[in-house]
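Here's the structure we're looking at; comments come further down.
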Amino acid sequence: MAHQRKAVALISGGLDSLLAARVMLEQNIHVEGINFYTGFCVEGHTHAIRKKHQLKPKRNNALWSAEQLGIKLHIIDISEEYKDIVINPKHGYGQNLNPCLDCKIFMVNQARAWGFMADNDFDFIITGEVIGQRPKSQRKETMPVIARESGVNDRLLRPLCAKNLPETLPEREGWVDRDALYGFHGRNRKPQMALAEQFGFTDYAQPAGGCCFLTDANYSKKLADLWQARGERKYEIDDIMLLKIGRHIRPAQNYKVIIGREEGENNYLEGYRKQFAHIRIESHFGPLTLVDGTPDQEDLLQAARIAARFSQGRDAGEVRVEICVPGLDNRFVNVSPIPAQELPKNWYV
Amino acid sequence: MSSENKTFPKQTLDTRGLLCPLPVIRTQDRIKDLQNGAVLEVVASDPGVLHDIPAWCRVHGHHLIETEQVGLDIYVRLRVCKD
């Protein structure tokens, strides 16, 4: 009996990677999935922080894909190493701060490092890429760039568009049958949907705009603001998590306020109260407000006035707030909520 | 005595404050160091673990013992079942 070959499949949780892995299983390849956590992943659970999304199913789509396929899924935290990709992308950004081509090269390289290590001993790597599917990273010209710069070369197989690409090692060696691969191309999703139906997949994830917050214009704007305010292009994981949460208002370069929009966000922000100066509304019902940066006493009073504006005391003459700064005694002050006309639109990040 | 018959002290893993998939990743990393049959209790604050850790256990063949919510803390207890 022929030796069963092993493939590592990059599983994003979307339809294409699900189908690519399934096509390999059809050819009796042993497939295991790999999924990367960058810190920018759009996951149902991040949205689930916000109460209005809690009726949506809280599932991890990559795990869901693995279950549908009956394969193992290894989730790898690359968030630290990934910073350099976001900050210094060799191939530049897409429409927003999305370094899609560098990201794909990095992930395929990471899959190579994991899959080809002696303990794992995989033979090749597969992705769900389709030529022409994405304007930055999935173009005919970029396919060989990814294979070359990831170091995977001809051990990188794209089962959904392989027929539009040169033969790879798994095809040449007869590990997989090229005739049973596909020649999908372009942004039309109908071929994938038809194949999903053929395989009996329903209820698969169809994320609009991809699975990464960096493709989101509003999110990218907040990250650009963070870098601009700090005067350097750096971030910590807590920074990028907080960019997903709350209302961000920057009255000055040295500080911004992050205001919970609802109970779920307030609960999440509570977890940061020991690290950040924060403001609680005492006299009325109101959100928790974090103050990020290096605010002085006057800034904190201004932040308190902004926080009061988003409380139920917004129309009151005065609102009593508690200002908490790590390492200092908490103080209670009465402030007047900032009127709408004193809160310029350009303060909203 | 085979490892299946040993009684292991319960291991605990605190993932409170982390959002999914980080609790799953931390669970995955901890289990690498545990023996077959060991019991791991994961404490979390993200309700997503109620879905994700059981799904991860099913994918890898580990045995989910139970889940429990106490106030804002969520407990997921599982038994390590390695190939």
Meets criteria (at pLDDT 95 or above and either touching a helix residue (DSSP H, G or I) at 6+ places or on another chain (Cβ under 8 Å) or more than 23 Å from B:Arg30 (Cβ to Cβ) (or both)) for A:Arg59: no
Residue in the stretch A:261-276 that is at pLDDT 95 or above and either surrounded by fewer than 22 Cβ atoms within 10 Å (Cβ to Cβ) or within 25 Å of the chain's Cα centre (by Cα) (or both) present: yes
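Would you check which residues across the stretch B:58-82 are outside any strand (DSSP E or B) and more than 10 Å from chain A (Cβ to nearest Cβ) and list them? Even if it seems obvious, please write down each step before you answer.
As a first pass, look at the stretch B:58-82 and keep what is outside any strand (DSSP E or B): B:58-62, B:71-72, B:80-82.
If the condition is that a residue be outside any strand (DSSP E or B) and more than 10 Å from chain A (Cβ to nearest Cβ), then B:His62, B:Gly71, B:Val80, B:Cys81, B:Lys82 are the ones that fit.
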Checking B:Pro23 against (1) assigned to a strand (DSSP E or B); (2) within 12 Å of another protein chain (Cβ to nearest Cβ), the condition it does not meet: (1)
Boolean, B:Arg30 is assigned to a helix (DSSP H, G or I), facing another protein chain (nearest Cβ under 7 Å), at pLDDT 95 or above and surrounded by fewer than 19 Cβ atoms within 10 Å (Cβ to Cβ): no
Residues located in the stretch A:1-29, provided they are part of a strand (DSSP E or B) and more than 19 Å from B:Trp56 (Cα to Cα): A:Lys6, A:Ala7
The lone exception for B:Ala55 - which of (1) surrounded by 13 or more Cβ atoms within 10 Å (Cβ to Cβ); (2) away from chain A (no Cβ under 14 Å) it fails: (2)
Matching helices (runs of 4 or more DSSP H) fully within the stretch A:189-307 where at least 2 residues are touching a strand residue (DSSP E or B) at 6+ places or on another chain (Cβ under 9 Å) and farther than 25 Å from A:Tyr93 by Cα: A:263-270
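The values are calculated or read from the model by the stated rules, or taken from the named source; none is laboratory data. Note that the coordinates shown come from a computational prediction; the quantities given were computed from them, not determined experimentally. Methodologically, a virtual Cβ is constructed for each residue, glycine included, from the backbone with ideal geometry; neighbour enumeration extends over all protein chains shown.
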